[in-house]
1. Based only on Cα atoms, what Rg/Rh ratio does the range 1-82 have, Rh being taken as Kirkwood's radius?
2. When all C-alpha to C-alpha distances in the range 141-180 are sorted into bins of 10 Å, what percent of pairs does each bin hold, rounded to whole numbers?
3. So how much accessible area does Ser61 have, in Å² to the nearest 10, using a 1.4 Å probe?
4. Working out 0.36 nm times the residue gap between Glu163 and Ser61, then minus their Cα-Cα distance, what length gain in nm do you get to one decimal?
5. How large a share of the accessible area of the chain, in percent, is made up of carbon and sulfur atoms when the probe is 1.4 Å and the other protein chains stay in place?
6. All other residues with a Cβ under 12 Å from the Cβ of Val51 taken together, and with Lys, Arg as +1 and Asp, Glu as -1, what is their net charge?
7. Report the full-extension gain for the segment His177 to Ser83: residue separation times 0.36 nm, less the Cα-Cα distance, to one decimal in nm.
8. Provide, for the range 158-237, the number of lysine pairs with alpha carbons under 18 Å apart, each pair being eight or more places apart or on different chains.
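The values are calculated or read from the model by the stated rules, or taken from the named source; none is laboratory data. What you see is a predicted model; the values in this text were computed from it and never measured. Methodologically, a virtual Cβ is constructed for each residue, glycine included, from the backbone with ideal geometry; neighbour enumeration extends over all protein chains shown. Note: areas computed on protein heavy atoms with side chains; ligands, DNA, RNA excluded. Shrake-Rupley method; radii C 1.70, N 1.55, O 1.52, S 1.80 Å.
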Amino acid sequence: MANSYFQFKQFMIHQENCGMKVSTDAVVLGALSSHDKMDRILDVGTGTGVVALMLAQRFPSSEVHAVEIDGAAFEQASANVASGPWNHRIFLYHLSFQDFANQPGEHFDLIVSNPPYFPAHHKSRDQQRNLALHNDALSFDDLIKGVVRLLSPQGKFWVILPERQMQDLEKIAGEFHLFANESFEWRDRPQACVLRVVVAFSFHASTSKKKTLFIRDNDLNYSADYKKLLADFLLAF
């Protein structure tokens, strides 16, 4: 069973009421996502609020907005944000991303998402976990359409997915003239298969810069790059 809380260096995440607990996916996304201009940031499907809090820590002049459809997760994220040091700069919304994207006048310099990606079949009995993991409530098509509406012309959209699902998302993004500019694949160690891919999209086509991140080295110690990436967040580093 996952712990009911996760202690970071500058904030704490309680997670007992969330279908998706704090994960390596989330902290890698929160640590990698960046852009030259970040006055306004949006976290799509904030869950515990961990990515929103990480981005608020990294970018002290930014205003961070976060959307969560699940009621229990929204309440937990709200409590986590309220108890953190940047609660005056983080704003949470309890509604679907589709509804949020249809609101007029909203634009963001940076949008991030650790989206659900499993198809509707093979669900568990845990409805809250299903909502966090299965994409029938937020399809890739709806995710991209919403990002296109909300992303500023010079903005960046960062997303983390397994390799095959990222290929599906890139195809849909291309149909809406969103192009991959940066790509990070991360593996548990050098000889292991790709666990996840993190991609930064924008409206401007360019040669995609591809990098690889290893969590551990061949001796199964945390790699220097991984420790550097998360040094400001994880107590272990």
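1. Working: Rg = 12.1 Å, Rh = 12.8 Å.
When Rh is taken as the Kirkwood radius, the ratio is 0.94.
2. 28, 62, 10
3. Taking all protein chains as shown, Ser61 has close to 100 Å².
4. Working: separation 102, 0.36 × 102 = 36.72 nm, distance 3.31 nm.
Extra length available between Glu163 and Ser61 comes to 33.4 nm.
5. Numbers: 5690 of 11350 Å².
Ligands and nucleic acids excluded, carbon and sulfur give 50 percent.
6. Numbers: positive: Arg58; negative: Asp25, Asp43, Glu68.
Counting the neighbours of Val51, the net charge comes to -2.
7. Values: separation 94, 0.36 × 94 = 33.84 nm, distance 3.95 nm.
Once the chain is fully extended between His177 and Ser83, it gains 29.9 nm.
8. Values: Lys171/Lys209; Lys171/Lys210; Lys211/Lys227; Lys211/Lys228.
The result is 4.
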